[in-house]
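The values are calculated or read from the model by the stated rules, or taken from the named source; none is laboratory data. Owing to the predicted nature of the structure, the values given are computational and were not obtained by experimental measurement. Cβ sites come from the backbone with ideal geometry, for glycine too, and all protein chains shown count toward neighbours. Remember, those area values only see protein heavy atoms, side chains included, never the ligands or the DNA or RNA. Shrake-Rupley method; radii C 1.70, N 1.55, O 1.52, S 1.80 Å.
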Amino acid sequence: MSPLSTPPRSPVRPQRHPQPSRSRRPPVQPPVRRKKPRWAMRMVTTLSVVVLASAGIGHAVVTSLDADIARVDPFKDMKNRPRAGHGMNVLLVGTDGREKITEAERLKYRLGGAPCHCTDTIMIVHISEDRGRASIVSLPRDSYAETPAHIDETTGERHRSHPVKLNAAYAEGGPNLTVRTVENMTHVKIDHYLEVDFTSFMKTVDVLGGVRICTAQPLKDSYTGLDLTAGTHDLNGGEALQYVRSRHADGSSDLGRMQRQQRFLAALVSQATSSGMLMNPMRFRDVTRAVLGSVRADKGFGTDELLDLGRAMRNFSPSSSEFTTVPIGQMGFAVKGIGSTLKWDPAKSQKLFQALRDDKPLAVHKSGPRALRVDVAPQQIQVQVENGTATAGLGKRVDSALAATGFRTTHRPTSAVDRTLRRTVVSYDPRWDRSAQSLATALPGAELRAVQGQGPVLKVTAGADFKEVRRVRAEDPSQGEFGVVTGDQVMCP
């Protein structure tokens, strides 16, 4: 399953349209227990809360919402904590409580199963000190972890430090052990704690009028009931829940699900900040009613913090939010009595968390036009270029432009038999149709021609209409050292 309502994702979302009213916005994220919360869902809820705060509804309103948030004390009796860095770090946790799910919802959205009383998703949301950037790092639930010595919250038994999957820390010691375990693993001091289950997730999405997502290939998961064709889709609350929970839609399991959750969060915040909801008191009221009651937070996360995050959103742009997953060094790391776990890459993860402590951006921002998303990465596509015109050097120009975009060209363009071609043609073997579609996306106006038996090398015959090669990238790119993507890269064009 995937993340559910998402808490403080909100700070990550930039508001694109200027908003007359400022900072007061109530956060929304009640502690409702719905089925398995995923980081996506909790972030969604928190995001909604912060988004609301940014509209400037009024300090009194925000304060009243603050009073409705259930409180926990995740920092009780904690000693020898990491030194505070710059900026603010919020630990977003989604539990798998589901007592308030209706039978109809259970059946329609496949929300059955017994809860494990553990965390389904854990994320660190870092808000930069200047409040101009939000970096979201997902910590896989199956990560290999070692808990500090503690008392079991269920049995009262005293435990020594021992290995577990990260999501089991909550079952043994609740929020307190979860925070202690994460701090021990990352050496990042957690400033605030937000815990969300996904009861309010579907309602929040519906109140916002749905969320638009896009996919380059069909997504189908018999476990969650997700069934999307390639293209753009406007998802309602239940469909959005299926989207962020699905881990069997492709072969990437939890990692692919986390990437889809990132796209969803980016789209959700965009919808919340651009839909006019922030300036409409009635819609604001409906959203707060839908979201409140599914969040638990530490006592220090209150009105002032919500207003602070709301104000920060006014300066955000789509590229202000960064998403990544802690670098994995070993998949399927077997631990006796625990099973298969994910072992973090010690060097890369240490560097990632140091960047958070130093309040440095994780993504490498590149200038230039935004790359179009395609199904197959250009680095996986072999291309032979031909010049189909009498224009000298056109073949070399096209070959160089495709290579610069990442395509594996032969670097030996040839001349076509027909030198009077008006329209650029992409010839391909039908077995490599997805690669052909991706290549054609980079060549505006190109014609696709299937050629049985041509093999894996695609052929581009440049015509008189050739103007440029557009930048393209795989739908799930691995950018930069930590595989970071920014909000503008994961949203629909």
* To do: Give, rounded to the nearest 20 debye, the magnitude of the charge dipole that region 339-430 has about its Cα centre when Lys and Arg contribute +1 at Cβ and Asp and Glu contribute -1 at Cβ.
  => 240
* Asked: Just by accessible area at a 1.4 angstrom probe, what is the order of D433, D298, D359 from largest to smallest?
  -> D433, D359, D298
* Asked: Leaving out ligands, DNA and RNA but keeping every protein chain, what accessible area does K396 have, in Å² rounded to the nearest 10, with a 1.4 Å probe?
  -> 140
* Asked: Say R0 is 30 Å: what FRET efficiency, to the nearest 0.05, do A230 and V335 get from their beta-carbon distance?
  -> 0.20
* For region 142-229, which chymotrypsin sites (Phe, Trp or Tyr not before Pro) are in a loop by DSSP, counting at most 14 other Cβ atoms within 10 Å? -> Y223
* For the pairs K79/K348; K396/K459; K165/K189, note any where the Cα-Cα span goes beyond 18 Å. => K79/K348; K165/K189
* **Extension gain from R470 to L107, taking 0.36 nm per residue of separation minus the Cα-Cα distance** => 126.2 nm
* Structure fact -> Computed from the beta carbon distance with a Förster radius of 22 Å, FRET efficiency for E129 and R71 to the nearest 0.05 stands at 0.25
* Asked: Tell me, what is the FRET efficiency for R408 and S222 to the nearest 0.05, using R0 = 35 angstrom and their Cβ-Cβ distance as r?
  -> 0.45
